[in-house]
Amino acid sequence: MKRIAFFDAKPYDRESFDRINSQYEIHYYEDKLNPETARLAAGFDAACAFVNDDIGTQTVRILIDEGVGVLAMRCAGYSNVDFQAAEGRLTVVRVPAYSPHAVAEHAMGMLLTVNRRLHKAYIRTREFNFNISGLTGVDLYGKTAGVVGTGKIGRAFIELCRGFGMRVIAHDPYPVEGIDYVTLTQLLHESDVISLHCPLTQQSHHLLDEAAFAQMKRGAFIINTSRGALIDSTALLKALNDGTVRGAGLDVYEEETEYFYEDRSIEPIRDDVLSLLVSKPNVLITSHQAFLTEEALANIASTTLANLDEYFSGRELTNEVRYHRESGKVVEDPRRLQTARN
């Protein structure tokens, strides 16, 4: 029986994987995968990791040294993996999609909450304060939603926006039919709501920076359920303070690794930017939980185990991600290697 070292394990992970696993010996570790914990994988055939694990050069080398042949990412993102270090020695697979509707619905929930101050109303009424002053929102009907990234999640969010009677414009280098695409500058100028659904790359890092906020329509809402580093958090704080941004819903944060998924309620938060964002009445922060539905957890477990089945049986890997030296690109599917050359 093949053995899997499962890192950053939470109770919901164990439940979803144990429900369907029948052929692997899984050892669950609460610790994140990083250079200090990687040696726990010694003697295992595979390691399973998540989005906030530190899988840089040192971690990859340790996994290889300890005989691990495959790294199964139980998430869509892989920007935390050093693929050059893994090239030819450590196979990496991922879960490209688990429930786009889960993330899109969470994004819409954040928009509704920040707009109508539902989180503040909840706190007030819990204290028997039924004053509604300061809870005024705006109608979403007729407003313009700017969606950056029109993959499965972005398209699901677009459908929700259309259901609210919103006009939708989008920006993506790979357009699909049925969506009105514009330049990023035009999207910033025209959007009442900007929702990010694009991957984190060198090009998209700090996509919303001080210059981008300066181009925005005043009073816009910002929603981010993708990757924290798409937004320059310091620039966002400034835009919130000067009224450029009316409100923000953030399920991700660029320096979240130390905090998200952990209980830090009895410790001082040393990240001043995060502390200031949390303190804002017009900011809602959730702990990278947009994916967290029963359906998504089941899909993550089944796809991860299916990826491992393919690897250990020597079949073609449907969800492999690898570094392509000739092009210098990270390729999400070996069948796209020809595309990478062009």
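Rolling a 1.4 angstrom probe over the protein heavy atoms, how many square angstrom per residue are accessible across the chain? Provide the component values of the computation, followed by the final result.
Details: 16540 Å² over 342 residues.
For the chain, the solvent-accessible area averages 48 Å² per residue.
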Sorted largest first, extent of region 251-314 alpha carbons per principal axis (Å): 50, 21, 21
Whole-angstrom gap from region 97-125 to region 1-46, using each part's C-alpha centre: 32 Å
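If we count every other residue with Cβ under 13 angstrom of Thr183's Cβ, Lys/Arg +1 and Asp/Glu -1, where does the sum land? Walk me through the numbers before you get to the answer.
On the way: positive: none; negative: Asp172, Asp180, Glu190.
Here the count lands on -3.
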Rounded to 10°, Cα long-axis angle of helix 152-163 versus longest principal axis of the chain: 20 degrees
Cα centroids of region 241-300 and region 164-232: how far apart, whole angstrom? 19 Å
Starting from the Cα of Lys280, draw a straight line to each of the lysines and keep only those under 20 Å, dropping any in the same chain fewer than 8 residues away. Lys120, Lys238
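Calculate, for Ile132 and Tyr29, the FRET efficiency according to 1/(1 + (r/R0)^6) with r their C-beta to C-beta distance and R0 51 Å; round to the nearest 0.05. Each step should come with its number before you reach the end.
On the way: r = 48 Å, r/R0 = 0.93.
Efficiency computed from Cβ-Cβ geometry: 0.60.
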Figure the gain on full extension for Lys238 and Asp18 (residue separation times 0.36 nm, minus the Cα-Cα span) and round it to one decimal in nm. 74.6 nm
Once you have all Cα-Cα distances for region 24-180, histogram them in 5 Å bins from zero and send the whole-percent values. 2, 8, 13, 13, 10, 9, 11, 11, 10, 7, 4, 2, 0
Per residue and in Å³, how big is the convex hull formed by the alpha-carbon atoms of region 164-253? 98 Å³
When Lys and Arg each count +1 and Asp and Glu each count -1, what net charge do the other residues less than 10 Å away from Ser99, Cβ to Cβ, add up to? -2
What share of the DSSP beta bridges in the chain is antiparallel, in percent to the nearest 5? 10 percent
Which percent of the accessible area of the chain is formed by carbon and sulfur heavy atoms (probe 1.4 angstrom)? 49 percent
Under the rule of at least 5 residues apart or a separate chain, name every residue whose amide H is placed under 5 Å from the amide H of Tyr253. Gly228
From the backbone phi of region 115-129, what are the Karplus-calculated ³J(HN,Hα) couplings (6.51 cos²θ - 1.76 cosθ + 1.60, θ = phi - 60°) in whole Hz, Gly and Pro given as x? 5, 9, 6, 5, 5, 6, 5, 4, 5, 4, 5, 4, 9, 6, 9
With Cβ to Cβ distances under 13 Å as the rule, what net charge do the other residues near Ser133 carry (K, R +1; D, E -1)? +3
Debye calc, one equal point scatterer per Cα of region 24-115, no solvent, log10 I(q)/I(0) at q = 0.16, 0.17, 0.18 1/Å comes to -0.66, -0.71, -0.77
Among Asp13, Asp31, Asp139, which one shows the highest mean-square fluctuation when the chain is modelled as a Gaussian network with alpha-carbon springs under 10 Å? Asp139
Rg and Dmax of the chain over Cα atoms: what are they, in angstrom? 21.1, 65
Cα→Cβ-extended label distance, 7 Å offset, between Glu255 and Lys120, nm: 2.6 nm
Rounded to the nearest 10 Å², what accessible area does Tyr181 have for a 1.4 Å probe in the complete protein model? 60 Å²
Gaussian network model of the chain, springs between alpha carbon atoms under 10 Å - residue of Tyr98, Tyr174, Tyr29 with greatest fluctuation: Tyr174
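The values are calculated or read from the model by the stated rules, or taken from the named source; none is laboratory data. None of the values given here were measured: they were computed from a predicted structure. Neighbour counts are summed over all protein chains in view; Cβ atoms, including those assigned to glycine, are modelled from backbone coordinates with ideal geometry. Surface accessibility is based on the protein's heavy atoms, side chains included, excluding ligands, DNA and RNA. Shrake-Rupley method; radii C 1.70, N 1.55, O 1.52, S 1.80 Å.
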